[in-house]
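Just below is one structure, and these are the notes that go with it.
The values are calculated or read from the model by the stated rules, or taken from the named source; none is laboratory data. On a predicted model such as this, the values are computed, not experimentally measured, just so you know. Here Cβ is always computed from backbone atoms with ideal geometry, including for glycine, and neighbour counts include all displayed protein chains.
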Amino acid sequence: AQKVTQTQTSISVMEKTTVTMDCVYETRDSSYFLFWYKQTASGEIVFLIRQDSYKKENATEGHYSLNFQKPKSSIGLIITATQIEDSAVYFCAMRDNNNNAPRFGAGTKLSVKP
Amino acid sequence: EAAVTQSPRNKVAVTGGKVTLSCNQTNNHNNMYWYRQDTGHGLRLIHYSYGAGSTEKGDIPDGYKASRPSQENFSLILELATPSQTSVYFCASGDWDNSGNTLYFGEGSRLIVV
């Protein structure tokens, strides 16, 4: 079965710094998709960025990027030049071809301080 | 604009009562999902559907039923609500296209069972 683990419950950083959030996953499938979502204080959940397992290049999207370490089954989210509005809960998720419904980690709460 | 809408947004139910949470999507996605969010657990998959007429059990289906009468609508049914089902419920839609099944979420439905 799929499993997604986020061990960092909460992180606090100063504005304009870089933060990395960790995520490890388990799958028996050779092909899978990894996602990061953001939940704002209002409760809204939005998609941020995705990594396909067959791609060697790390995905980037604006000031979000991923650190994909396939041998370690790890997909870290990197936010550069953090802003106050980056304060949110970030969820890692995975979908593989054997189990098509995405599973989520427990989430990491990020607080960005001025 | 494509969207996922949930109703009701807030509900207080009595123990043993029946609760129906509804979800409508205009994304024309084949797949729809119901998750619940509880502190420390992230988003846990309850039921999902691949299309009209289909429902599949997720990781925590006990006490819940699902119904997908059309492409657009997916309901979560609690026949005999219990206090342990107090939670925030999220509906999402997605498809196995180039997005790899990126999910689009509704606003969430907060359910309190007393």
Can you tell me how many residues within the stretch B:49-70 are within 18 Å of residue B:101 (Cα to Cα) and among the aliphatic types (A, V, I, L, M)? 1
Note on the stretch A:45-94: residues away from chain B (no Cβ under 14 Å) and crowded, with 21+ Cβ neighbours inside 10 Å are A:77, A:79
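Can you confirm whether residue A:107 is of a type outside the set (Phe, Trp, Tyr) and either exposed (fewer than 13 other Cβ atoms within 10 Å of the Cβ) or within 14 Å of chain B (Cβ to nearest Cβ) (or both)? Break it down stepwise before answering.
Values: of a type outside the set (Phe, Trp, Tyr): yes; either exposed (fewer than 13 other Cβ atoms within 10 Å of the Cβ) or within 14 Å of chain B (Cβ to nearest Cβ) (or both): yes.
Criteria met by residue A:107.
Which residues, counting only those in the stretch A:20-57, are more than 17 Å from residue A:69 (Cα to Cα) and in contact with a helix residue (DSSP H, G or I) (Cβ under 9 Å, 6 or more places away or on another chain)?
Going through the stretch A:20-57, the residues more than 17 Å from residue A:69 (Cα to Cα) turn out to be A:37-48.
Correct list: A:38, A:40.
Kindly provide the set of residues from the stretch A:75-89 that are part of a strand (DSSP E or B) and over 17 Å from residue A:60 (Cβ atoms), ordered by number. Spell out the reasoning first.
Narrowing the stretch A:75-89 to residues part of a strand (DSSP E or B): A:75-79, A:88-89.
Selection gives A:88, A:89.
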Can you list the strands (runs of 3 or more DSSP E) lying wholly within chain B that have 2 or more residues being crowded, with 19+ Cβ neighbours inside 10 Å and in contact (Cβ under 8 Å) with a residue 24 or more places away in the chain? B:4-7, B:19-25, B:31-38, B:42-49, B:73-78, B:87-94, B:109-113
What's the total number of residues in the stretch B:74-102 that are touching a Gly at 6+ places or on another chain (Cβ under 6 Å), at pLDDT 95 or above and within 14 Å of chain A (Cβ to nearest Cβ)? 3
Does residue B:110 satisfy the criteria of being under 21 Å from residue A:4 (Cβ atoms) and basic (Lys, Arg)? no
